[in-house]
Amino acid sequence: MAAAIPTLLWLYAAVSVVLLVIEKRTRLYPLYILKTAWAVFTVLAFVWVLLMSGATNQEFALRPASIFGELERYPEAFRACFYVDGWWLPLLAWAPLWAVGGWMEQGSQCRQTLRVCLAILTLAAAIPVLWIVRQYDWSPYTHFRESYTHAWRVARMGDYFLNSILVSCCSVGLVTILGSMSAYALARLNFRGREAIISTLVGSMAIPGFLLVVPLYVMMKSWSLGNFSFMDSRVGLSVLYAATALPFTIFLLTAFFRSLPSELAEAAALDGATPLQIFTKIYFPLAGPGLATAAIFNFLGVWNEYNFALVFVTNPEFRTLPVGLYNLQVSQQYAVNWPSMFAGVVLLCLPTFVIFVALQEKIVAGLTVGGVKG
């Protein structure tokens, strides 16, 4: 009887998939599987970088991926946790249950029961992984303080981090103010040439950024206010980022302002409000989700930008984090201090990861508002 269980599970899985194909329920499942696999791969890559930032050079040279090699012990761990063979049984049983769940009516008792079964099987499959993690020797990965101290102070990643914060916040604030005012004018005000301006802005988004490096370099070399030069300064870099981000911001916010009700502006105009007051007191607060989405995307773009920061800032005091990380990589490649380089990678990626996790709902809300009318 025990030998027939795997055969029955395979038959169960095959019948479930065939029924779902007949009912056309499997169209999105391959996409879900691909997205889940990519997300798991990305998280594991970041975890590996985080672990390597706390290791030593010797540990990195001898066992660069030892923790993932421990996953080969999964059958042994399953046997040690449940005292039975057949570690693949929960995985094989999980697939048909998940497939049949698409068959059930949304919110039905059977669907909820299947979800409980899936949670139990997922927990059973995860317990051996936790056992492997508990048995693993973590002593080589305890040098976080040395790596991050070296990256923050000696490699000056702390100064570069502060420069990136200042440049990102200034450029995002500037592009949010200018972009929102421009988008409101293009969306709500009627004037000659409005459609031509919108078409020009949309067309400018198709120009690759590296094609702008030479003309912008020639222009910024001659820009100055008294003794202040926009070239080789954080202010000039912030203005440059804001200017290049304006087309996308205006394009995004124009669609958002068009989705807002026009009756509010008409009522405010009857009360004697000026167009500027209508914008600042009515539409600007209502555009919060769209402004948040534009600000988040612009912040991430500025935070990770490398080419403009490399060309337009040559003073080491004003370097941003991506340029500083590249310099750290070049220097540590010959100094054989890989953990410090991984610490710099974590410092660069951590704000991006935190922003996506903490503000993902605002990003989705800002992109979907206005997509459905009525």
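No value in this document is a laboratory result; all are computed from the given coordinates. Quick caveat: nothing in here was measured; it's all calculated off a predicted structure. Glycine gets a Cβ as well: all are built from the backbone with ideal geometry, and neighbour counts include every protein chain shown.
Compute the label zone of ALA269 within region 167-203: residues whose backbone N is under 15 Å from the point 7 Å along Cα-to-Cβ.
185-192
Assuming R0 = 51 Å, what is the FRET efficiency of HIS143 and ALA255, from their Cβ-Cβ distance, to the nearest 0.05?
Numbers: r = 50 Å, r/R0 = 0.98.
Efficiency, from the Cβ-Cβ distance: 0.55.
Separation between the THR42 and ARG63 pseudo-spin-labels, each 7 Å from Cα along Cα→Cβ, expressed in nm?
Reported label-point gap for THR42 and ARG63 is 3.0 nm.
DSSP loop (so not H, G, I, E, B), at most 10 other Cβ within 10 Å: list which trypsin sites (Lys or Arg not before Pro) in region 233-329 pass both filters.
Working: sites: ARG234, ARG258, LYS281, ARG319; in loops: ARG319.
Passing both the DSSP loop test and the Cβ count: no residue.
What distance in nm separates the simple spin-label points at GLU317 and GLU195, each placed 7 Å from Cα in the Cβ direction?
5.3 nm
Would you please put 35-42, 178-185 in order of how densely packed they are, using the mean number of other Cβ atoms within 10 angstrom per residue and starting with the highest? Spell out each step's value before the answer.
Details: 35-42: 10.2, 178-185: 21.1.
Top to bottom by mean Cβ count within 10 Å: 178-185, 35-42.
Between LEU211 and VAL133, what is the label-to-label distance in nm when each label sits 7 Å out along the Cα-to-Cβ direction?
It is 4.8 nm.
To make sure I understand, if each residue's beta carbon is the centre and we count other beta carbons within 10 Å, what order do TYR83, TYR217, TYR32 fall in, fewest to most?
With the fewest neighbours first, TYR83, TYR217, TYR32 line up as TYR83, TYR32, TYR217.
Give me log10 I(q)/I(0) at q = 0.16, 0.18 Å⁻¹ for region 148-368, Debye formula, one equal scatterer per alpha-carbon, no solvent.
Debye curve over Cα of region 148-368, log10 I(q)/I(0) at q = 0.16, 0.18 Å⁻¹: -1.13, -1.28.
Among HIS143, HIS150, rank each residue by its count of other Cβ atoms within 10 Å, from fewest to most, as a rough exposure measure. Show your work: numbers first, answer last.
Details: HIS143 16, HIS150 19.
Ordered by Cβ neighbours within 10 Å, fewest first: HIS143, HIS150.
Counting other Cβ atoms within 10 Å, which trypsin sites (Lys or Arg not before Pro) in region 132-193 have at most 14 and lie in a DSSP loop? Could you put the intermediate results ahead of the total?
Details: sites: ARG134, ARG145, ARG153, ARG156, ARG188, ARG192; in loops: ARG156, ARG192.
Passing sites in region 132-193 are ARG192.
As an exercise, use a Förster radius of 30 Å and the Cβ-Cβ distance of CYS169 and ILE282 to find the FRET efficiency, rounded to the nearest 0.05.
Values: r = 26 Å, r/R0 = 0.88.
With R0 = 30 Å, the Cβ-Cβ based efficiency is 0.70.
Ranking TYR136, TYR160 by Cβ neighbours within 10 Å, fewest first, what do you get? Before the final figure, lay out each step's value.
Working: TYR136 13, TYR160 28.
With the fewest neighbours first, TYR136, TYR160 line up as TYR136, TYR160.
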